[in-house]
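Heads up, the thing below is written out as structure tokens.
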Amino acid sequence: MTLDTRSAAAVRPAPPSVRAALRHPVAALRWLWAYAMTPGAPGRPTTEPELRWLYGGWLLAFALKMLGSSWDVSWHFKWLRDDLAPPHLLNSAGTVLVVALVVVHTYSGRGVDRRALRWMQWGTATFLVAVPVDIVNHRVNGLDITSWSPSHMILYVGTAIMLAGAIRGWWLYAAPGRVRTLVHLGLWLFFVENVLFPNQHQEYGVLSLADYRAGQTTAEPQLLDFAAAQGSSPTSFMLPVPPWVHPTWLICAGLLSLVVARRVVGKRWTATVLVGTYLAYRAVVWGLLVATGFPPSVLPVMLVVGAVLVDCAVTWRVPGWLAGVPVAAAVFLAAFLQEFLAVVPPWEWAAAPFVCLGFALLWAAVDRVASSRWWVRWSTPSVSAEPGASGAPAR
């Protein structure tokens, strides 16, 4: 009997549900400790209940991080920054859970192959390095409210990398079925939200600036006084980037991530479901923030049009070089209509030809990668060849 087999035999079965774990918390904690502290190499056999506990933890962690970050943007348009502000603590709770999960994956080798584990590890390391860098940046540069600062971008990159690892691990090892699809969509929802997150600065800023000019600002005087002492005008404080940034990022980053999600998940309305869920979440958060006196934001409703067209184009096998320009142009048209009916952040309409062409090129690159040998390698589990390690996914 190998060490891996003996270790597996020593671990009790996972609790079948959250309710069962709550009914017997001591037994659940004993299982968790034995499970996490049983060493093994990536690719070792993992049962479906074990996978659901592991990746349910990922969903919980990023739910906490998403709630904290959503509150954090609105918080920064009302109060001065504070390292121990409630949104930061909520986000940090999610980060602690992510670190714990990566430790479990690393030590036990369950639920991941080598490549997924490396992405989780590198993403978490990047994020953790960016945290003190961001704190120092705030100390040196003062308020630095913008979501577009270099230190914040490192945080987004680290989050994207660790989520890519989680998406890969679940995609390779979960058994086909409804649960696999729902968890997969949940992980992609967090990925898309992370990509779109920087644009929220303009989506909050455009309304906050309008309220300020109307004499109805929700920002506390200490925040405005601090910004003025730094030499920041209300416009540069609330809308710190050029007007071409929001549409370019929304389409060339946000919509492109939906193209990738649609191809990887493989379900017909993947992009539409992701955007619909994202906007529904933003709408609920909008209501809660307004009810508690925090600044509201504009919702990027124009993204729905792009998501529907992406789903249709992939389903009908329209190549990206052909679909990219009309899909991006439709998003610009939808944004124009949204501005006519409601509000959108400042958009540089003259940038439309460049954004449409750039999106078509990026989509064509995604198509090229999807038909390459690299994608075949990505789709194949990379497991350890050490004795006792399993070389095939648990299905």
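Please treat every number below as a calculation from the coordinates, not as lab data. These figures come from a predicted structure and were not determined experimentally. Virtual Cβ from ideal backbone geometry, glycine too; neighbours counted across all protein chains shown.
A few points about this structure:
- Nearest-ten-degree value, helix 86-108 long axis tilted from longest Cα axis of the chain: 30 degrees
- Between the Cα long axis of helix 114-141 and the first principal axis of the chain there is an angle of about 40°, rounded to the nearest 10.
- Springs between Cα atoms under 10 Å define the GNM used for the chain, and in it the highest mean-square fluctuation of 302, 37, 120 occurs at 37.
- Among 371, 70, 297, sorting on how many other beta-carbon atoms sit within 10 Å of each Cβ, with the fewest leading, yields 371, 70, 297.
- Of all the options 29, 322, 128, the one that moves most in a Gaussian network model of the chain with Cα springs shorter than 10 angstrom is 29.
- Once the chain from residue 317 to residue 135 is taken as fully extended at 0.36 nm per residue, the excess over their C-alpha distance is 60.9 nm.
- Note on the range 262-395: Rg/Rh from C-alpha atoms, Kirkwood Rh, equals 1.11.
- Tensor-based shape of the range 234-331 (alpha-carbon gyration tensor, a/c under 1.5 rounded, otherwise prolate or oblate): oblate
- A Gaussian network model of the chain, with springs between Cα atoms under 10 Å, assigns the largest mean-square fluctuation among 160, 93, 116 to 93.
- Relative to the longest principal axis of the Cα atoms of the chain, helix 200-213 runs at roughly 30 degrees.
- Computed over the Cα atoms of the chain, the ratio of the radius of gyration to the Kirkwood radius (Rg/Rh) comes to 1.00.
- Helix-only mean residue ellipticity at 222 nm for the chain, each DSSP H run of n ≥ 4 adding -39500 (n - 2.57), per residue, nearest 500: -23000 deg cm²/dmol
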